[in-house]
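Values in this text are rule-based calculations from the coordinates and carry no lab data. Keep in mind that this is a model prediction, so the values were computed, not measured. Glycine also receives a Cβ, built like all others from the backbone with ideal geometry; neighbour counts cover every protein chain displayed.
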Amino acid sequence: QVQLVESGGGLVQTGGSLRLSCAASGRIFRIDAMGWYRQTPENPREMVATIASGVGTNYADSVKGRFTVSRDNAKNTVYLQMNSLKPEDTAVYYCHAEVRTSGTTWYTDYWGQGTQVTVSS
């Protein structure tokens, strides 16, 4: 019913920047929180940054001051601007959204397919 499509991952050198985008589509009535998570083969999925339906944001300590999350509610899209990238930022990044679909009164968690970010040293 709802699809999240990510784009913007890739290979970058240490200190470089990337911008991830995630567009939600389908039978969307309203989106509450949106955000980004990441996972490596060695570690479980962890929160990177989230943004509420208003303007409240939350960041993992490891990315504060380097990453910025934002959203365009008119486009149902969330972004992650990643600056000063480090090799330890290498992971698969997943988009997440809490979505209320048309005809329902509850919110459901949806995830994107993941996009690879690789930072070379």
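Just a few scattered comments:
- Unmet criterion (only one of (1) over 15 Å from the mean Cα position of the chain (by Cα); (2) touching a residue at least 24 places away in the same chain (Cβ under 8 Å)) for GLY65: (2)
- Residue pairs whose Cβ atoms lie under 8 Å apart, separated by 6 or more positions or on different chains, with the first residue in the range 73-94 and small (Gly, Ala, Ser) and the second surrounded by 14 or more Cβ atoms within 10 Å (Cβ to Cβ) and part of a strand (DSSP E or B), are ALA91/ARG38; ALA91/GLN39; ALA91/VAL117.
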